[in-house]
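What follows is a single structure, written as structure tokens, with notes after it.
The values are calculated or read from the model by the stated rules, or taken from the named source; none is laboratory data. All values reported here derive from a predicted model rather than from experimental measurement. Don't worry about glycine lacking a Cβ; one is built from the backbone with ideal geometry, like all the others, and counts go over all protein chains shown. Note: areas computed on protein heavy atoms with side chains; ligands, DNA, RNA excluded. Shrake-Rupley method; radii C 1.70, N 1.55, O 1.52, S 1.80 Å.
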Amino acid sequence: MADTAYSADQAIPPCPITGAPALRCVERLDAAFLTLLWHYSGRVDVGPLLRPAGTFRLWESPTGLIFFDPPVAGDAAFYRAFYGRIAAHDKLAGPETERLEFRQAATHVPSGARVLDVGCGHGGFRAYVPEATYTGLDPNFSAEDPTGTILAETVEAHAARLGPVYDVACAFQVIEHVADPLGFARALAACVKPGGLILIGTPLWPSPNTTIPNFVINAPPHHLTWWTPAALEALAGTLGCTAEAVHAIGMDRHDSLIHWMAKVSPVRCRDRFFRRTWSWALALAFAYGVGSVLDRCLPVPKRTRPNALLLVARTGT
């Protein structure tokens, strides 16, 4: 079931970053349908996480932020199963990772800066800032880091333990996964010295990523929010920071499959993103099959549509 209906007595949820009431319900999704999508598309069982919610609704806030309610986030078992199957951390934040997002972020990191990288995976960003003093946080991968600079600690615990000691704190492709994005961003900001920088990278909405039908990585328990430039600027303002830039980031090798899937999909989403129909199921299968062949045979074009955003925000002095 995927429709836009909701009962008149249902409370309209607030935007998770500004608290303003949502503008509209984009669509409604049964937990059973999402569980089925994850079973066939992601090869993981999310039923124990999603079924208690019963129904999910996708809302749009005044900032353009799209968010799921309730915001059911994946647990460690989910991410181990799903990312292990697709080798996502090697693609997203592995030691040999080449990312346009990392390259852009590195231009904002001065030589000698003390840098915190939250949700860092294997620390792929570290190679882009060789003159910085680097610390990563990732409880899932700290044991695999031979340097000891990746810690098994949450950003909330790290902020409480050390306080504002970093010149730059960054989180790449993390905030869209958390149930409380404002709380996460506040903890990130609490790690930064007055006048320091916060760098937050996240998928863009709308983008090629959101045009693919029934693309379950965009849904709970994986992605809980879809971000716009205005939403990131609003986040900075709520934190008391100044948004110095919101960079649009094109696609590179780590998301090349998404580029080709979006190109060849016979269905391109605009106002609806999930439907329990054979035509959409076949469209996704076609996009994945043909896109995978093209991804193996062709390089990513040097110029693509933006698929991600990078917020650069400065904390108050």
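Once semi-axes √(5λ) of the Cα gyration tensor in Å is worked out from the coordinates, which option in [x] 52, 25, 18; [y] 31, 23, 18; [z] 68, 18, 15 does it equal?
[y]
With θ set to phi - 60° and the Karplus curve 6.51 cos²θ - 1.76 cosθ + 1.60, what are the ³J(HN,Hα) couplings of the range 306-315 in order, to the nearest whole Hz, using x for Gly and Pro?
Running phi through 6.51 cos²θ - 1.76 cosθ + 1.60 with θ = phi - 60° gives x, 10, 8, 10, 10, 7, 10, 10, 10, 6 Hz.
For Ser111 and Tyr40, compute 0.36 nm times the residue count separating them, minus their Cα-Cα distance, and round to one decimal in nm.
Values: separation 71, 0.36 × 71 = 25.56 nm, distance 4.67 nm.
My answer for the length gained is 20.9 nm.
Per-residue ellipticity at 222 nm for the chain, helices alone: DSSP H runs ≥ 4 residues times -39500 (n - 2.57), over residue total, nearest 500 deg cm²/dmol?
The helix-only estimate for the chain comes to -8500 deg cm²/dmol at 222 nm.
Using amide H atoms built 1.01 Å from N in the peptide plane, name the residues 5+ places from Gly250, or on other chains, whose amide H lies under 5 Å from its own.
So Gly250 has HN proximity to Asn307.
Taking H placed 1.01 Å from N in the peptide plane, check which residues at least 5 places from Arg114 or on another chain put their amide H under 5 Å from its amide H.
Thr133, Asp167, Val168
Less than 12 Å from a label point 7 Å out along the Cα-to-Cβ axis of Arg80: which backbone N atoms in the range 130-163 qualify, by residue?
Answer for the range 130-163: 140-141.
Using a probe of 1.4 angstrom, how much of the accessible area of the range 189-232 is carbon and sulfur, in percent?
Percent of accessible area from carbon and sulfur atoms in the range 189-232: 78.
For Glu244, list long-range residues whose amide hydrogen, built 1.01 Å from N in the peptide plane, is under 5 Å from its own amide hydrogen.
Under 5 Å from the amide H of Glu244: Val312, Ala313, Arg314.
How far, in nm, would the chain grow between Lys193 and Glu156 when pulled straight, counting 0.36 nm per residue and subtracting the alpha carbon separation?
In short, 11.7 nm is gained.
Considering only protein heavy atoms and a probe of 1.4 Å, how much of the accessible area of the range 108-187 is carbon and sulfur, as a whole percent?
56
Residue-wise, which Karplus ³J(HN,Hα) couplings in Hz belong to the range 229-237, taking 6.51 cos²θ - 1.76 cosθ + 1.60, θ = phi - 60°, and x for glycine or proline?
3J(HN,Hα) across the range 229-237, in whole Hz: x, 5, 5, 5, 5, 5, 4, 4, x.
Let me check I've understood the local charge: for Ala231, count other residues with C-beta under 12 angstrom from its C-beta, Lys and Arg +1, Asp and Glu -1. What total comes out?
-3
Hey, rough spin-label estimate for Glu244 and Ile217, points 7 angstrom out along Cα→Cβ, what's it come to in nanometres?
Distance between label points: 3.0 nm.
Quick check: residue separation of Leu282 and Thr147 times 0.36 nm, minus the Cα distance between them. What number comes out in nm? Show your work: numbers first, answer last.
Working: separation 135, 0.36 × 135 = 48.60 nm, distance 4.62 nm.
That pair, Leu282 and Thr147, stretches by 44.0 nm at full extension.
So with the 1.4 Å probe, I'd like the accessible area per residue for the chain, rounded to whole Å². Before the final figure, lay out the partial values.
Values: 13730 Å² over 317 residues.
With the other protein chains kept in place, the chain gives 43 Å² per residue.
So how far apart, in nm, are the two label points at Arg272 and Ala11 if each is 7 Å from Cα heading toward Cβ?
Taking the simple label geometry, Arg272 and Ala11 are separated by 3.0 nm.
Relative contact order of the range 16-90: what whole-number percent is it, with Cα pairs under 8 angstrom and at least 6 residues apart?
So the answer I get is 32 percent.
Which residue fluctuates the most in the chain, going by a Gaussian network model with Cα springs under 10 Å, if the choices are Val216, Val46, Val293?
Of Val216, Val46, Val293, the most mobile in the Gaussian network model is Val293.
Between beta-carbons, use under 10 Å as the cut-off and find the net charge around Cys120, counting Lys and Arg +1, Asp and Glu -1. Don't skip to the answer; put the middle values down first.
Details: positive: Arg126; negative: Asp117, Asp138, Asp145.
Here the count lands on -2.
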